[in-house]
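Trainee: Once you've had a glance at the structure underneath, I'll fire off some questions.
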Number of protein chains: 2
Amino acid sequence: MDATQGRFERIQVAPAYQLVAEAIEREVVSGRLLPGEPVGTEAELVRQFGVNRSTVREGIRALEEGGFIQRGPDRRLYACLPRYNRLSSRMSRALILHEVTFRELFSVALALEVASAEQAVAHITDEMLERLEENQGEIEAAAQAGDAARLSEADSTFHHLVAKASGNRVLLLSREPASLLFFPTTELICRRVPEGPPRLIVAHRHIIDALRARDLEQARLWMSRHLHDWERGFARAGRDLDEPVERVYARSLPPGIAV
Amino acid sequence: MDATQGRFERIQVAPAYQLVAEAIEREVVSGRLLPGEPVGTEAELVRQFGVNRSTVREGIRALEEGGFIQRGPDRRLYACLPRYNRLSSRMSRALILHEVTFRELFSVALALEVASAEQAVAHITDEMLERLEENQGEIEAAAQAGDAARLSEADSTFHHLVAKASGNRVLLLSREPASLLFFPTTELICRRVPEGPPRLIVAHRHIIDALRARDLEQARLWMSRHLHDWERGFARAGRDLDEPVERVYARSLPPGIAV
DNA sequence: CCTCTTGACTTTGTCCGACAAAGTCCTAGC
DNA sequence: GCTAGGACTTTGTCGGACAAAGTCAAGAGG
């Protein structure tokens, strides 16, 4: 089947649906289509691209999955920037599939949470401090009520807020995949280990105070302690750090895309 | 339009193409469909799901984009696990779109590369040491030849290898998005800063030696120095840490999916 | 006997037309 | 003025159709 000689490059014709997807993606990426702006109806796209509606729809599916466009409540298509959490949840799922262990999660969480705390010291604003205080209130209330799920949720939020306070979006993104799998275990620990919640509250308190005082050393120290508390609690809850993150998580992941 | 009372949940009917995609995704995720196995032809899927081919195709597009299935060279569909680098490249692109700065990248790279070195000390194998030595040879050859592109490429590989040597897949994954944007700048630096390559070679040498000697302190120290060398080199190359990662990168990213 | 061509068959990419369900918008009646 | 319809739009789905490209096996020619 080879030509007599390899004189010519193989001619590549990308499928039309891919060209459609790429064209729209370019509009979004280049900023000509701003997030929130309507992309247009399928009929319009059919007219503009001069292809069949089926073809347009296939392109739309790919873009949708890629997070470049979204359906509004009215089912219409709107441009949007690929959301972090969407990508993060995919990453988390990949981690589950590869059966990573809690030890692996822990090591990374430790490195990234401490880095978050360090950078938050330098960049935190009064508004973020305020939100951390609110969060602390929520956590104390949840602990008081003995609501482990709510406490765990708020704990996740706490760490997200600290990362956000760092002003480093790369950090915020990088920590997300591991965090999505790591922090939900707080619920489990708080259920089984009575001294979990009070220790958590104390640690958060110290972290917030350190951030307010711009005390790098304390922030680093208490975030590290807080994570090591988790490690101890995880063991006391009868779990093994070397056990793989179960598939069960796959179902209860974030409220992103179904499955 | 509201019902008289909010007694019932709104009934949600997911579109058929989504159900198709989810069903196939479940097969892959659950391991019933192993990576590399054929998913079946569109006609077969039409029969199995009892929906129209257009519907199946829309579902396929989404899965394809999600990385759960892939077209073989024969255009047929084969299952596959979402590859890290595919997700990573999407993440990297998201970072570009959000116009993160090199300073943000640097902070995260510092934290994660040092963590990689630390954990590699505990887990490195002779085989990985061997591969690092090979890589070192490649880098020295590239430097000798004055080939900045090749050198930069090999430098990326070096850091990837160290992360791999850590035995921590979460770490390997978490560092990828930032790395994809961060390390290519090495080329730029090496072009402009003559003392760049020799310093890089010395640092890598010390890191490899520290890993071989299982010397945690030295590994940490030299990885940190190496990264700070980058920082200095970046400035000496006339670039500003606070400038956003340009869109230009979006084109020359990894050889993943075309933008 | 082996190689090469050819032609039937399969599969994908694309198109056309159609229709029901659900959302939107305008209008007429109270 | 507000509400209930009704017309129109848009999406989701279906059925069928055909060209291009790949696969495979049988037959022609050495």
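The values are calculated or read from the model by the stated rules, or taken from the named source; none is laboratory data. The model shown is predicted, which means the values in this text are computed figures rather than measured ones. Backbone-built Cβ (ideal geometry, glycine too); neighbour counts: all protein chains shown. Accessible surface is based on the protein model in full, side chains and every heavy atom, while ligands, DNA and RNA are left aside. Shrake-Rupley method; radii C 1.70, N 1.55, O 1.52, S 1.80 Å.
Trainee: Which of B:Leu132, B:Gln119, B:Leu63 sits closest to the plus end of the dipole of chain B, meaning its Cα is farthest towards the positive end, when Lys and Arg get +1 and Asp and Glu get -1 on the C-beta?
Mentor: Projecting each Cα onto the dipole axis, the largest value belongs to B:Leu63.
Trainee: At the nearest 100 Å², what buried accessible area, both sides summed, do you get for A and B when the probe is 1.4 Å?
Mentor: In total, this chain pair buries about 4700 Å².
Trainee: How many partner chain Cβ atoms sit within 10 Å of a residue's Cβ in peptide B:111-122, on average, as a whole number?
Mentor: 3
Trainee: Another question, then. I'm checking a number: the convex hull volume of the Cα atoms of region B:117-202, normalised per residue, in Å³. What is it?
Mentor: 82 Å³
Trainee: Okay, moving on. Among B:Ser107, B:His160, A:Pro38, whose Cα projects farthest towards the positive end of the dipole of the protein assembly as shown, with charges put on the beta-carbon of Lys, Arg (+1) and Asp, Glu (-1)?
Mentor: Most positive-ward Cα: A:Pro38.
Trainee: Which is the longest run of chain B containing none of the trypsin sites (Lys or Arg not before Pro) found in DSSP loop states (not H, G, I, E, B) with at most 15 other C-beta atoms within 10 Å?
Mentor: Details: sites that count: B:Arg7, B:Arg10, B:Arg32, B:Arg75, B:Arg76, B:Arg83, B:Arg214, B:Arg239, B:Arg247.
Formally, the longest exposed-site-free interval is B:84-213.
Trainee: Here's another thing I want to ask about it. Along the Cα-to-C-beta direction of B:Ala237, a point sits 7 Å from the Cα; which residues of region B:191-206 have their amide N less than 20 Å from that point?
Mentor: B:191-205
Trainee: Top mean-square fluctuation among B:Ala23, B:Ala203, B:Ala142, Gaussian network model of chain B, C-alpha springs under 10 Å?
Mentor: Ranking B:Ala23, B:Ala203, B:Ala142 by mean-square fluctuation puts B:Ala23 first.
Trainee: A follow-up question, please. Can you compute the charge dipole magnitude of the protein assembly as shown about its Cα centre, using +1 on each Lys and Arg Cβ and -1 on each Asp and Glu Cβ, nothing else charged? Give it in debye, rounded to the nearest 20.
Mentor: The dipole of the protein assembly as shown has a size of about 1160 debye.
Trainee: Give the relative contact order (percent, whole number) for region B:99-182; include only Cα pairs under 8 Å separated by 6+ residues.
Mentor: 48 percent
Trainee: Let me ask you something else. Calculate, in nm to one decimal, what A:Leu221 and A:Glu127 gain on full extension: separation in residues at 0.36 nm each, minus their alpha carbon distance.
Mentor: Numbers: separation 94, 0.36 × 94 = 33.84 nm, distance 2.33 nm.
Roughly 31.5 nm would be gained on extension.
Trainee: Now a separate question. If you build a Gaussian network model of chain A, linking Cα atoms that sit under 10 Å apart, which residue out of A:Ser156, A:Ser116, A:Ser30 swings the most?
Mentor: A:Ser30
Trainee: Pull out the extension gain between B:Glu99 and B:Arg192, defined as 0.36 nm times the separation in residues minus the alpha carbon to alpha carbon distance; nm, one decimal.
Mentor: Separation in residues times 0.36 nm, less the Cα-Cα distance, equals 31.1 nm.
Trainee: Once the label point is set 7 Å along the Cα-to-beta-carbon vector, what list of distances in nm do you get between B:Asp240 and its counterparts in the other copies?
Mentor: 5.5
Trainee: Using all alpha carbons of the protein assembly as shown, what is the percent of pairwise distances in each 20 Å bin, ordered from the shortest bin to the longest?
Mentor: Once binned at 20 Å, the Cα pair distances of the protein assembly as shown give 20, 51, 27, 2, 0.
Trainee: With the alpha-carbon atoms as the only input, what is the per residue convex hull volume for region B:16-79 in Å³?
Mentor: Dividing the Cα hull volume of region B:16-79 by its residue count gives 71 Å³.
Trainee: Cα axis of helix B:84-97 to longest principal axis of chain B: angle in degrees, 0 to 90, nearest 10?
Mentor: Once rounded, one gets 80 degrees.
Trainee: Further, regarding this structure: In Å and from the alpha-carbon atoms only, list the Rg and Dmax of chain B.
Mentor: 23.3, 79
Trainee: Is there a quick way to get the dipole size of chain B? I mean about its Cα centre, with the Cβ of Lys and Arg at +1 and of Asp and Glu at -1; what is the value in debye to the nearest 20?
Mentor: 640 debye
Trainee: Roughly to the nearest percent, how much of the accessible area of region A:16-79 is carbon and sulfur, given a 1.4 Å probe?
Mentor: Working: 1570 of 3190 Å².
The C+S portion of the solvent-accessible surface of region A:16-79 is 49 percent.
Trainee: May I ask you to report, in nm to one decimal and beginning with the shortest, the distances from B:Arg225 to the same position in the other copies, taking label points 7 Å along Cα-to-Cβ?
Mentor: Reported distances to equivalent positions: 3.4 nm.
Trainee: Moving to a separate point now. Taking all protein chains as present, what is the carbon and sulfur share of the accessible area of region A:85-251, in % to the nearest whole number, probe 1.4 Å?
Mentor: Heavy-atom surface of region A:85-251 belonging to carbon and sulfur, 1.4 Å probe: 50 percent.
Trainee: Let me ask something else. Just counting partner chain Cβ atoms within 10 Å, what average do the residues of peptide A:47-58 show around their Cβ? Display every interim value, and only then the final one.
Mentor: On the way: counts 0, 0, 0, 0, 0, 0, 1, 4, 1, 0, 6, 8.
Going residue by residue through A:47-58 and averaging, the value is 2.
Trainee: Related question: Return the single residue from B:Asp155, B:Asp74, B:Asp242 with maximal mean-square fluctuation; model: Gaussian network over chain B, springs between Cα atoms under 10 Å.
Mentor: Among B:Asp155, B:Asp74, B:Asp242, the largest mean-square fluctuation in the Gaussian network model of chain B belongs to B:Asp74.
Trainee: Okay, next question. Across peptide B:158-170, what mean number of C-beta atoms from other chains lies inside 10 Å of a residue's C-beta?
Mentor: Other-chain Cβ atoms within 10 Å of each residue's Cβ, averaged: 3.
Trainee: With axes computed from alpha carbons, what is the tilt in degrees of helix A:196-212 against the longest principal axis of chain A, rounded to the nearest 10 within 0 to 90?
Mentor: The two axes meet at around 80 degrees.
Trainee: Then there is this: State in Å² the accessible area per residue of chain B; use a 1.4 Å probe, count heavy atoms of protein chains only, and round to the nearest integer.
Mentor: 49 Å²
Trainee: Turning to a different aspect of this structure: Note down the magnitude of the dipole of region B:16-79 about its Cα centre, charges +1 on Lys and Arg C-beta and -1 on Asp and Glu C-beta and zero elsewhere, to the nearest 20 debye.
Mentor: For region B:16-79, the charge dipole is close to 140 debye.
Trainee: OK, next. Determine the calculated [θ] at 222 nm for chain A from helices alone, applying -39500 (n - 2.57) to every DSSP H run no shorter than 4 residues and normalising by the residue count; nearest 500 deg cm²/dmol.
Mentor: Working: 12 runs with 175 residues, N = 259.
So the helix-based figure for chain A works out to -22000 deg cm²/dmol.
Trainee: With a bin width of 10 angstrom, please list the P(r) values of region A:105-162 as percents of all Cα-Cα pairs, from the 0 bin to the one holding the largest distance.
Mentor: In order of increasing distance, the bins hold 23, 44, 31, 3 percent.
Trainee: Next question. Which value, in Å² rounded to 10, gives the accessible area of A:Ile124 with a 1.4 Å probe and all protein chains present?
Mentor: 10 Å²
Trainee: Taking the Cβ of A:Asp147 as the center, what net charge do the other residues with Cβ under 14 Å away carry, scoring Lys and Arg +1 and Asp and Glu -1?
Mentor: -3
Trainee: Still on this structure, I have one more. Could you compute how much accessible surface A:Asp240 exposes when probed at 1.4 Å, giving the result in Å² to the nearest 10?
Mentor: Accessible area of A:Asp240: about 80 Å².
Trainee: P(r) for region A:106-259: what percent of alpha-carbon pairs falls in each 10 Å bin, starting at zero?
Mentor: 11, 42, 37, 9, 0
Trainee: Moving on to the next point. Sort shortest first the distances from A:His123 to its counterpart in every other copy, using label points 7 Å along the Cα-to-beta-carbon line, and give them in nm.
Mentor: 2.8
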